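No value in this document is a laboratory result; all are computed from the given coordinates. This structure is a prediction, so every number in the text was calculated from the model and none was measured. Here the Cβ is made from the backbone with ideal geometry for all residues, glycine too, and neighbour counts use every protein chain on show.
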Amino acid sequence: MDKRIWAIGGGKGGTGKSFVAANLGLHLASLDREVVLIDADLGAPNLHTLLGIKPSHPDLGDFLTGAVPSLEDAAVETSFRNLRLVKGTENILFVANIAHFRKLRLLRQIRQLPTPNVILDLGTGSSFNTLDFFLSANPGLVVTTPDPTAVENTYLFLKSCIMRVLKLYMDHYKIRDLHQKMLDQIEKNSQSLYSFFKSLMETDRSYGTILYRALRGFRPCLVMNKSRGENDVLLGRSMADVARKYLLIDMKYLGAIPYDKDVQESLRALRPYYPQHRDSPAARAIRQMSEELAYSIEFTLRTPPEIRLPDA
Amino acid sequence: MLKKIEDWNYYELLSVERTASQDEIWEGYQAALSTYKDGSLALYGLVSEAERGLILERLQEAFQTLRDPAKRKEYDLALLRHAPYFPPQAAFRKSVGKLEIEEAPARKSFWARLKRRFVKNP
């Protein structure tokens with residue numbers, strides 16, 4: 001089976017990105033597939049806590065500072081078979097604002113890891129670091145919850161991803177003058193993306209086509225976490241449909257993870273959720289999603305084009 | 001295909017294929033109604049109230065047209081005149097279209113065609 005880099009991201013904190021990442025990793029590892037979990041939440045790492053592991057060295061910071069030579073060396077064994085973890089660092093001020101060349105090195109090493117499944121747990125927000133990690137992965141999962149704040153931030157995150165993709169292509173094709181035009185137009189309303197492309201197609205059809213193709217190559221998946229009923233499940237479907245129509249992206253709705261109070265209990269007891277609650281609706285939902293992504297032929301065809309980050 | 005919301009055809013509006021059955025159209029309509037209903041969370045922070053009203057009107061129009069076979073046929077023909085339609089192709093062929101094969105006229109063999117041409121009353 002080919003290598004998969006899974007990225008779990010989203011616009012808002014507390015939606016359950018780390019929960020999804022940890023349990024996805026535990027599920028894949030339980031199927032005898034080698035997994036490396038990377039806590040790429042550079043500002044507030046806590047993936048180790050969800051796995052019931054205490055912070056220790058080596059961690060991501062050690063790799064970034066050069067204390068360990070490669071990312072492979074920073075991936076420590078866990079008590080779970082087939083699952084290794086690159087812990088987030090405590091030296092947050094340094095890592096949260098990593099230099100561009102360090103980010104490129106990290107991205108390169110993530111691609112070079114010999115493990116078939118690499119899962120990136122990303123941080124909140126739309127910083128370039130987070131967006132670049134999300135865009136370099138396949139599949140990219142956007143985790144949201146059925147709250148107005150989470151919905152709003154999810155659309156913002158998707159918009160930021162779209163603008164980052166377009167910016168990277170503009171830089172690559174040296175059409176940087178378009179960037180300011182894009183910034184001016186896209187902020188305004190829901191139709192702004194359409195208007196931008198429409199005017200671009202009228203003035204320069206070839207670049208318009210390139211950028212539109214680039215946009216269509218961005219194919220995130222949506223996960224509705226903490227759902228409390230049928231309406232929340234449908235909300236996820238509606239959001240994916242709205243994103244397809246207004247943000248012009250091919251977004252796939254993976255499904256909903258039901259709310260479970262045992263998640264909180266497991267966290268307090270510093271025990272990972274998945275091994276203890278394999279038959280719970282939430283664990284079943286995670287299994288179903290991972291199987292859909294791991295085996296789906298359709299998804300294999302959804303591979304996004306590789307985005308090359310410009311050297312700063 | 002880059003399209004403005006006003007340019008979406010009825011099928012795109014309901015997120016169904018052009019070959020959709022009446023049940024699928026009904027389901028698509030219900031899903032779209034729940035997406036664009038008053039106070040819908042799915043539109044929060046992205047779609048304005050005016051746009052929502054516009055889409056709801058078009059949704060009604062779409063459903064009224066597609067649920068009526070005669071109106072739907074007329075609409076389909078108008079769409080085809082506007083642009084040709086290529087149904088989506090499956091990545092792998094899931095099943096052989098049995099119905100299609102049965103309905104297709106049997107192909108005559110070369111000898112049968114030759115015989116028909118030269119023998120007056122076979």
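Sorting A:CYS221, A:CYS161 from the fewest to the most surrounding beta carbons within 10 angstrom yields A:CYS221, A:CYS161.
Placing +1 on the Cβ of each Lys and Arg and -1 on the Cβ of each Asp and Glu in the range A:58-191, which of A:HIS172, A:LEU122, A:ALA67 has its Cα farthest towards the positive end of the resulting dipole? Of the options given, the answer is A:HIS172. Inter-label distance, A:SER70 to B:ARG81: 6.6 nm, where each label sits 7 Å from its Cα along the C-beta direction.
Here the spin labels are modelled as points 7 Å beyond Cα on the Cα-Cβ line, and at A:ASP171 and A:MET201 they lie 2.8 nm apart.
When only Cα pairs below 8 angstrom with a gap of at least 6 residues are kept, chain A shows a relative contact order of 23 percent.
Using only alpha carbon pairs under 8 Å that are at least six residues apart, calculate the relative contact order of the range B:5-89 and give it in whole percent. If you can, show how the numbers build up before the last one.
Details: 44 pairs, mean separation 25.9, N = 85.
Relative contact order, the range B:5-89: 31 percent.
Extension gain, A:GLN185-A:SER56: 0.36 nm per intervening residue step, less the Cα-Cα distance, totals 41.8 nm.
Sorting A:GLU202, B:GLU17 on the 10 Å Cβ count, fewest up front, what's the list? Mind showing how you got there, number by number?
Working: A:GLU202 9, B:GLU17 14.
Ordered by Cβ neighbours within 10 Å, fewest first: A:GLU202, B:GLU17.
At q = 0.12 Å⁻¹, what log₁₀ I(q)/I(0) does a Debye calculation on the Cα points of the range A:135-249 give, no solvent, two decimals? Taken in order of the listed q values, log10 I(q)/I(0) reads -0.46.
Counting neighbouring beta carbons within 10 Å and listing from fewest to most, the residues B:PHE110, A:PHE101 come out as B:PHE110, A:PHE101.
If you line up the long axis of helix A:148-172 against the longest principal axis of chain A, both from Cα atoms, how many degrees apart are they, to the nearest 10? Around 60 degrees separate the two axes. Structure note, pairs A:LYS103/A:LYS245; A:LYS17/A:LYS245; A:LYS103/A:LYS261: Cα-Cα distances above 29 angstrom occur for A:LYS103/A:LYS245; A:LYS103/A:LYS261. How big is the gap, in Å, between the Cα center of the range A:1-61 and the Cα center of the range A:130-148? Using only Cα atoms, the two centres lie 13 Å from each other.
Helix A:281-295 axis versus longest C-alpha principal axis of chain A: approximately 60°, rounded to the nearest ten. Report Rg/Rh for the range A:160-214, rounded to two decimals, where Rg is the Cα radius of gyration and Rh the Kirkwood radius. Result for the range A:160-214 is an Rg/Rh of 0.91. Legend: distances between Cα atoms for A:LYS54/A:LYS87; A:LYS198/B:LYS71; A:LYS12/A:LYS226; pairs beyond 20 Å are A:LYS198/B:LYS71. Modelled spin-label separation between B:ARG67 and A:ASP147, with each label point placed 7 Å from Cα along the Cα-to-Cβ direction: 3.9 nm.
Take the alpha carbon gyration tensor of the range B:5-89, find the square roots of its eigenvalues, order them as a ≥ b ≥ c, and report rounded if a/c is under 1.5; if not, report prolate when a/b exceeds b/c, else oblate.
Details: a/c = 1.98, a/b = 1.79, b/c = 1.11.
Prolate.
Take every Cα pair under 8 Å whose residues are at least 6 apart in sequence, average their separation, divide by the length of the range A:1-126, and the relative contact order is 44 percent. When the Cα convex hull of the protein assembly as shown is projected onto planes of every orientation, the mean area is 28.0 nm².
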